[in-house]
Amino acid sequence: MAEPIISVEGLTVEYEGKRVLDSVSLEIQRGEVMVLLGGSGSGKTTMLRHIIGLERPTAGTVRVRGVDINGCSAEELKAIRCAMGVAFQEAALFNSLSVEDNINFPIRELTTLADPVIEIMTYMKLAAVGLAESGNLMPQELSGGMKKRAAVARATALDPEILVFDEPSAGLDPIVAAGLDELILFLKKAFQMTILVVTHELASAFRIADRLAMLYRGSLIAVGTKDAFQADPHPRIRQFLDRQPDPITQSAAVQTRIRELAGLTGAKT
Amino acid sequence: MNMLEAIGDGVIQGLSYLGGLVMQFWSELRASPRVLPVVGKRGRWKTAMRQMVAIGVDGLPLIAIMSVCAGFILAMQSGSELRRFGALQYVMDVVGIGFTREIGPLLTALIVCGRSGSAFSAEIGTMMVTSEIDAMKTMAIDPIELVLTPKYVAAMITIPCLTIMSNTFGILAGAVFMYITTKISLSMYLRYVFNSIELHDVLTGLLKSLIFATIIVNVGCMEGLRVRGGADAVGRSATSGVVRSTYLVILADAFFTAIFYLVHKD
């Protein structure tokens with residue numbers, strides 16, 4: 001098998017003594033859509049922030065195109081970041097710039113292209129996500145779905161090799177979310193991008209994924225294709241796929257605490 | 001032991017804060033040529049110009065009013081004492097020297113700190129909360145170069161200008177006081193003031209205003225960059241930005257005034 005474009009080895013992250021990620025290893029191949037699944041608080045956003053190099057791990061390495069992003073020179077890091085587009089959960093559009101200027105911001109900052117070329121590129125990127133008519137609007141004037149699409153357009157502005165999505169469908173209605181799924185598949189097909197998506201939306205995950213990985217309490221409990229994943233007997237995966245809730249009250253401890261609060265501890269004994 | 005630990009903790013935190021400020025200042029200095037027109041990166045100087053308007057032009061009315069009031073207060077307070085010795089003309093010295101050396105730079109710094117320092121913290125803090133700063137980093141664009149440096153360059157240019165304006169307004173307020181009390185004409189007054197102040201009074205004042213500008217921008221931006229969480233954290237950062245930079249401005253003022261005093265003893 002070819003060298004993976006992203007390889008995470010033994011990634012361990014601790015915040016104030018609490019272990020958020022525990023020796024996680026994952027390889028992402030060139031041209032595949034990898035979906036990182038996990039419940040709230042499973043550490044998936046933390047993992048994503050380490051893969052895109054926003055934070056330094058406690059231990060372990062993250063290699064992108066074979067380069068260790070925490071041990072490389074500033075120039076190498078810059079090259080890697082130019083090859084990687086990130087669409088954040090909150091879209092993270094620059095509020096002081098129009099949608100158009102948001103899209104052409106990385107082009108203006110990182111290239112020396114002439115203005116007419118930039119204009120054409122911006123229009124094409126906007127058209128690719130269906131926002132051709134909305135270039136003049138300000139981010140505040142966009143709906144949730146449009147914001148996310150604009151974020152995708154900005155992330156793809158420099159035609160990156162790798163595209164990273166944090167929760168693309170969170171907070172969107174099913175129709176808009178489905179539209180984003182199709183957009184992701186289109187980007188993969190049209191530009192052969194490697195795409196990493198972090199989500200907890202099952203339907204969307206199975207629609208777009210080539211392979212899935214599941215994080216639970218800071219550890220990867222499964223990595224595999226859709227079929228392998230659906231057949232996995234791990235109880236947590238079963239629970240996730242079957243949408244079974246956790247018991248809400250850990251009864252004994254909760255009961256005791258309620259008694260304490262009500263001042264009944266003494267009365268009982 | 002507990003108290004020792006607390007003191008040690010405080011010292012370490014204070015030092016690491018100062019260290020962070022110095023590092024940030026250094027990155028800004030290195031990035032500042034890219035903000036200049038012609039030699040810098042395209043369009044970046046426009047951001048600096050916008051900041052200059054926000055800090056300088058928009059802040060001028062407030063600085064003017066406050067300086068006129070402060071000048072008048074200074075003249076009245078010193079006048080009421082000096083009058084008893086028949087030395088009312090020394091009010092002109094007090095106002096002239098007091099403003100150029102001290103009140104002009106300090107008043108300007110405190111007003112800019114309240115107006116723009118809090119705005120820096122809030123703006124950058126909001127950009128942290130909405131991941132805009134993270135987005136810049138992932139695009140291989142240095143937020144210090146893009147967001148902080150234009151503010152720094154703008155402040156380094158406008159704050160000394162505002163200080164000169166503050167000096168002017170304060171001294172003119174003194175002229176009004178002298179006219180009302182002793183009927184000294186404006187030209188007489190100005191001649192007297194220009195005789196009493198020396199170039200080094202004005203220059204030390206301006207040098208201090210550059211130091212204040214550095215403190216205000218760096219503390220304001222640093223508080224913004226330290227924001228983690230939501231809207232309440234942005235609010236807190238604006239408050240602590242103003243409080244900390246006011247505190248550091250006055251500390252730096254005391255320090256540099258002491259140095260100028262020692263150097264210029266004769």
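Read the figures in this text as sums done on the coordinates, not as results from a lab. None of the values given here were measured: they were computed from a predicted structure. Here the Cβ positions follow ideal geometry from the backbone for every residue, glycine too, while neighbour counts run over all protein chains shown.
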Kirkwood hydrodynamic radius of region A:1-93 from all distinct Cα pairs, in Å?
14.0 Å
Give me log10 I(q)/I(0) at q = 0.12, 0.16, 0.22, 0.24 Å⁻¹ for region A:61-162, Debye formula, one equal scatterer per alpha-carbon, no solvent.
-0.42, -0.70, -1.09, -1.22
Please express the Cα-Cα pair-distance distribution P(r) of region B:167-250 as a list of whole percents, one per 5 Å bin, running from 0 to the bin with the greatest distance.
3, 13, 15, 13, 10, 10, 10, 9, 8, 5, 3, 1, 0
Where only C-alpha atoms are counted, convex hull volume of region B:111-176 per residue in Å³:
59 Å³
Dimensionless Rg/Rh of chain B - Kirkwood Rh, Rg from C-alpha atoms
1.05
Three principal axis lengths of region B:7-153 [C-alpha, angstrom, descending]:
69, 47, 27
If we count every other residue with Cβ under 15 angstrom of B:ILE164's Cβ, Lys/Arg +1 and Asp/Glu -1, where does the sum land?
0
For A:VAL20, enumerate residues with amide H under 5 Å from its amide H, sequence gap 5+ or separate chain, H modeled in the peptide plane.
A:VAL13, A:GLU14, A:TYR15
For the ranges A:101-107, A:147-153, what's the packing order if you count other beta-carbon atoms within 10 Å of each residue, average per peptide, and put the highest first?
A:147-153, A:101-107
Would you mind computing, in nm to one decimal, how far apart the modelled labels at A:ASP246 and A:SER23 are, each placed 7 Å from Cα along Cα→Cβ?
2.3 nm
Would you tell me the mean number of C-beta atoms belonging to other protein chains that fall within 10 Å of each C-beta in A:105-111, as a whole number?
4
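Going by how many other beta carbons lie within 10 Å of each one, how would you line up A:GLU16, B:GLU132, B:GLU102, fewest first?
A:GLU16, B:GLU102, B:GLU132
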Sorted largest first, the C-alpha extents of the protein assembly as shown along its principal axes in whole angstrom are 101, 80, 40
Integer Hz, Karplus 6.51/-1.76/1.60 couplings in order for region B:76-87, x for Gly and Pro
5, 5, 5, x, 5, 7, 5, 4, 5, 9, x, 10
Region B:165-266: trypsin sites (Lys or Arg not before Pro) in DSSP coil with no more than 15 other Cβ atoms inside 10 Å
B:LYS183, B:ARG228, B:LYS265
